[in-house]
Structure formats: C-alpha cells, structure tokens
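The structure appears below as structure tokens.
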Amino acid sequence: MVCGRNGFGGAGVIVMLNWYFGTSFWMGLLAVIMSFFLALVACRVAGETDTTPVGAMGKITQLFYGALAPRQMTTNLMTACVTAGVADSASDLLYDLKSGYLLGANPRRQFIAQFSGIFAGTLVSVLSFQYVVNDVTVLGSDKFPAPAAQTWAGVAKLLGNGIASLHPTMVWAILTGAIVGIVLPLLEKFFPKARPFIPSAMGIGLSFTIPFWNSLSFFIGGLAGWMIEKKYPKIAEDYTVPTASGIVAGESLMGVGITMIQNLH
C-alpha cells in the first residue's frame with residue numbers, strides 16, 4: 001500500500017513537471033528516482049549533524065542535469081526542487097518522529113496532524129510571503145538578500161551551457177569532493193576501530209555548503225554546551241536543548257516580526 005501511494009505521488013510529480021514546466025517525462029522520472037537516494041543521504045546528515053542539507057541536495061541534481069540537459073535552466077531548477085524537497089521532507093520527518101517518540105506520541109496521530117497541517121500551512125505561508133515580500137524585485141537586494149535562492153539561480157545560469165562552461169578548477173573540486181565522500185565511509189567500514197578518528201564525510205561536506213558565520217555559531221554553541229555539560233551535567237541535560245531551540249526560533253520570529261512592522265509603515 002505504501003509503495004502504491006509513493007508511486008501515485010511520484011507519477012503526479014512527473015506529470016506536473018511536464019505540464020507546468022515542460023520537463024520531459026523521462027527526465028521527471030529520473031528526478032523522482034534520484035530523490036530516493038538523495039533522501040537517504042539527507043537523512044544520514046540530519047542524524048549526524050542535526051542540519052538538513054537542502055541546498056546541497058539540490059546542487060547535486062543541478063550539476064547532473066547541467067550535463068544531461070544543457071541550456072535548459074527551467075528543467076535544471078525544477079528537477080532540483082523535486083530532489084531537494086523530498087530530501088528536506090524526509091529528514092525533517094525524522095526530527096518530528098524522534099520528538100514524538102521522546103514525548104510518547106502515537107506515530108499515526110502524528111501523521112494525521114502533519115497531513116492536516118499541509119492545508120493550513122500552505123495557505124498561511126503563501127499569504128505571509130505575499131505580505132512580507134510585496135514586490136518580487138526586492139529579492140536579492142539588501143532588504144531581502146535571499147542567499148539560498150541566489151545560489152540556486154546562479155548555478156542554473158552557470159550551467160546554462162552545460163558542464164563544459166565550468167572552470168577546470170571547479171571540475172577538479174567536484175571530483176575531489178566525490179572521491180573524499182566515497183573514501184571516508186569506506187574507511188569507517190573497513191577500519192571500525194579507527195572510526196572515532198575518521199572525519200565525518202557528512203560534516204565536511206556540510207561545512208562547504210554553509211557560510212562561515214554559521215559554522216562559527218555552531219562551534220561557539222557546541223563549545224558552550226560542552227563546557228556546561230562538564231561542569232553542570234544535570235542542568236545541561238534539562239536546559240541545553242530547550243534553550244538553544246528557543247534562541248534559534250526567537251531570532252527567526254523576531255526577524256519576521258521586524259519585517260512585517262516595516263511593511264506596515
């Protein structure tokens with residue numbers, strides 16, 4: 001039954017890609033197949049780092065279709081949206097299920113709640129975006145820099161002429177990253193005793209996809225949490241995660257609130 005539902009959803013995605021964006025059926029099918037493998041990678045990254053590498057998953061698809069379908073920027077972007085969206089949903093679902101498990105929530109009820117939230121979430125997010133960003137020309141400006149969106153658009157434009165348009169240094173960097181990403185997990189498999197000393201391929205890969213200030217924030221927060229855990233283990237167990245979550249959520253909500261207030265004026 002689950003396979004049937006997944007197949008129905010995948011077919012719907014393929015039809016929508018063809019209908020709305022002119023992507024051929026076989027390219028849409030390939031994007032759906034790729035999304036399965038990239039979702040596995042995203043889930044492992046989420047488990048190891050508590051971060052969802054949505055952008056990185058999309059870039060893999062963009063590079064692949066840059067070679068497969070050069071000069072087709074719409075296909076490049078929309079197939080990447082499919083794989084990144086699946087990877088994002090799969091890894092985020094792990095967070096939800098883990099939280100529910102810790103709180104003793106029923107997985108079935110969690111699913112019903114999430115399914116119900118699709119409709120309200122879609123309505124609220126679309127209307128909120130139209131209210132906050134009332135003019136799309138401001139995207140990419142100092143007010144709304146949208147760095148992730150600019151990265152996606154930049155890659156699509158860069159690959160408009162195919163992989164051949166990439167600088168040789170970029171090609172070598174891609175190959176080097178691929179080799180390192182394969183070698184490190186193999187080392188973990190064949191030398192399990194040395195695993196504590198083998199760098200995480202997911203962590204290294206993630207560090208190349210986020211700004212330095214993000215990495216610095218991770219380091220400062222992790223160092224502070226480690227120091228508190230060593231000196232006050234009970235306090236760390238009870239308050240570290242809630243406090244960190246509150247800081248992250250509070251910053252995001254405050255940013256949205258400031259933007260809305262500015263739009264009112």
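The values are calculated or read from the model by the stated rules, or taken from the named source; none is laboratory data. Keep in mind that this is a model prediction, so the values were computed, not measured. Here Cβ is always computed from backbone atoms with ideal geometry, including for glycine, and neighbour counts include all displayed protein chains.
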Which members of the stretch 189-203 meet the condition of being assigned to a helix (DSSP H, G or I) and exposed (fewer than 12 other Cβ atoms within 10 Å of the Cβ)?
K189, F190, P192, K193, A194, R195, P196, F197
Pairs needed: first member in the stretch 25-37, assigned by TED's automatic domain parsing to the domain that holds L63 and under 13 Å from I60 (Cα atoms); second member anywhere, surrounded by fewer than 21 Cβ atoms within 10 Å (Cβ to Cβ) and small (G, A, S); C-beta distance under 9 Å; at least 6 residues apart or different chains.
S35/G10; S35/G85; S35/A90
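Listed here are the residues, each with its yes/no results for (1) of a type in the set (G, A, S); (2) surrounded by 10 or more Cβ atoms within 10 Å (Cβ to Cβ); (3) touching a strand residue (DSSP E or B) at 6+ places or on another chain (Cβ under 7 Å); (4) at pLDDT 85 or above.
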position: L187; (1), (2), (3), (4): no, yes, no, yes
position: G205; (1), (2), (3), (4): yes, yes, no, no
position: F212; (1), (2), (3), (4): no, no, no, no
position: K230; (1), (2), (3), (4): no, no, no, yes
Starting from the stretch 159-171, keep only residues that are more than 19 Å from L77 (Cβ to Cβ) and surrounded by 10 or more Cβ atoms within 10 Å (Cβ to Cβ), then list their pairs with residues that are of a type outside the set (A, V, I, L, M) and modelled with pLDDT under 80 whose Cβ atoms are within a distance under 9 Å, requiring at least 6 positions of separation or different chains.
A164/P70
Identify all residues within the stretch 214-226 that are surrounded by 15 or more Cβ atoms within 10 Å (Cβ to Cβ) and under 18 Å from the mean Cα position of the chain (by Cα); write none if there are none.
F218
Determine whether D92 is under 19 Å from M202 (Cα atoms) and acidic (D, E).
yes
Report the residue count in the stretch 182-210 for those that are touching a residue at least 12 places away in the same chain (Cβ under 8 Å) and farther than 23 Å from A84 by Cα.
3
Of all residues in the stretch 107-161 being in contact with a Gly (Cβ under 8 Å, 6 or more places away or on another chain) and at pLDDT 75 or above, the one that is nearest to I261 (Cα to Cα)
Q110
Which residue pairs have Cβ atoms under 7 Å apart, sit 6 or more places apart or on different chains, and have a first residue in the stretch 211-239 that is of a type in the set (S, T, N, Q) and a second that is assigned to a helix (DSSP H, G or I) and surrounded by 11 or more Cβ atoms within 10 Å (Cβ to Cβ)?
S215/S207
Would you pick out the residues in the stretch 200-236 that are of a type in the set (A, V, I, L, M) and within 22 Å of G181 (Cα to Cα)?
A201, M202, I204, L206, I210
Given the criteria surrounded by 11 or more Cβ atoms within 10 Å (Cβ to Cβ), of a type outside the set (V, I, T) and farther than 30 Å from T75 by Cβ, does A236 qualify?
yes
